[in-house]
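So the structure is just underneath, and the comments pick up after that.
Nothing in this text is a laboratory measurement; each read-out follows from the coordinates by a stated rule. Remember, predicted model here, so these are calculated numbers, not experimental data. FYI the Cβ positions are ideal-geometry reconstructions off the backbone, even for glycines, and counts take in every protein chain you see.
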Amino acid sequence: MRLFSRPATAFAVAMLCLCLGTAHAQDLPENIPWANSVAIAEKMASGLLEQKTGSKDFPAASFAVAVDLNLDGFAEIFAYRHAPDCDGIRCGNFVFVLEGDSYHEVLGDIPGARLAPQDKIALGAFKRNGFLDMQFDQMTISWDGKRYADASSFPASSLDGGAFLTACQKSKSNEQPAEDEAERVNAECQCQFNRFQVTSFTQADLDMYTASLGENFDYPTGGKEIAWQALLKNAEDVGTGCNVASGKSQWPPAYFNHGDQPQQKLNFDHFLDACPAQDFILTNHKIESPDRALTLCGCLAREMPTQGISQEGLDLLAQYYRDEISDADIEAQDADILAFHDKASEACLSQFPAK
């Protein structure tokens, strides 16, 4: 079993590739899994950008990258559409997020985000409402539950953190009793408290979480359990974010049951044209919309190369999805192709996000 690449790493590589001179980039050794990921993202982005902007072309110097902003294993699409003297309407930076049945572009209401230079865009250390923050030049943007917004527009709280800091330091000191850890423990707890104040924590939330750090905490049950679990998840995300910010750890990626075969560099265009239109994809009870079908097909395209599929095999599957050939036709040419496809389908559908 292998992991998806850490999204911050993937995003950084995309920025690096964009900023490197072409001649220099050609001197670098080719990373085939990365090249496949970019090819899939750019194919998906071209259709999404056409829906958003009405422009069918994907000009030279444009690019797209898959980046998992909510760490669910299904990548969002960051796209940059180039245009001379870009006005930020049909060109610039775009982020497409699958929400419910459809992809939504989530940067459009943020002044300046469309035109931020690519070398000044990065993932943040923290999550808000389940999505990683992003840095666009001097502006941090955070997820408000439906789209990204300027983090400075979110309300802040003024909390009494004395009891929390004491409980936090005690709980961490129990885990790491070495004397030279005291300063780091204090910094971690202060980081968490500072973050609580800008992530809509109320005093009641903080007091309950503080109590949970001590002994004999009476965990909520019944109707209160769901709210407690959400509070606990937010608090744990804050703790992880502080550890990421300090360099102590990284955000854990989603786990998929990947194949372990060396990948071949593939052209996914025909497959990604045919797959989302196939009835057995669209009518699956987890799919039932064109954009969700595109998400599943993007996942299949990423997964099948890890099973060892070749270009010939992928092209046969495209024909199969267009109803030009049958299962028997594929098996007559390569008995492994449908097995690769079925393993990828199982991996993708088992983790597919709910509506």
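Over 14 Å apart: what share of the alpha carbon pairs of segment 220-299 falls there, rounded to a whole percent? It would help to have the intermediate numbers written out before the result.
Details: 2433 of 3160 pairs.
Value for segment 220-299 (Cα pairs over 14 Å): 77 percent.
Only lysines eight or more places from Lys43 in sequence, or on another chain, were considered; those with a Cα closer than 19 Å are Lys52, Lys56, Lys265.
For the chain, build the charge dipole from Cβ charges (+1 Lys, Arg; -1 Asp, Glu) around the Cα centre, then report which of Pro290, Thr140, Ser157 sits farthest towards its positive end. Towards the positive end, the residue furthest out is Ser157. Rounded to the nearest 20, the size of the Cβ-charge dipole of the chain about its Cα centre is 840 debye, with Lys and Arg at +1 and Asp and Glu at -1. From the largest down, segment 162-246 spans 43, 28, 21 angstrom on the principal axes of its Cα atoms. Could you pull out every whole DSSP H run in the chain that spans at least 27 Å of Cα extent along its own axis and averages 1.0 or higher on the Kyte-Doolittle scale? Taking the DSSP H segments of the chain (at least 27 Å long, mean hydropathy at least 1.0), we get none. Calculation over all alpha carbon pairs of segment 67-202 in 10 angstrom steps from 0 returns a P(r) of 11, 33, 27, 18, 9, 2 percent.
Measuring nothing but how far apart in sequence close Cα pairs (under 8 Å, 6+ apart) lie, relative to its length, segment 269-350 scores a relative contact order of 34 percent.
Residue-normalised convex hull volume from the C-alpha trace of the chain: 174 Å³ per residue.
Expressed as a rounded percentage, what relative contact order does the chain have, with Cα pairs under 8 Å and six or more residues apart?
Details: 525 pairs, mean separation 63.6, N = 355.
Relative contact order of the chain: 18 percent.
Excluding same-chain neighbours fewer than eight residues apart, the lysines reachable from Lys233 by a Cα-Cα span under 16 Å are Lys127, Lys224.
The C-alpha radius of gyration of segment 269-350, expressed as a fraction of 2.2 N^0.38 Å, stands at 1.00.
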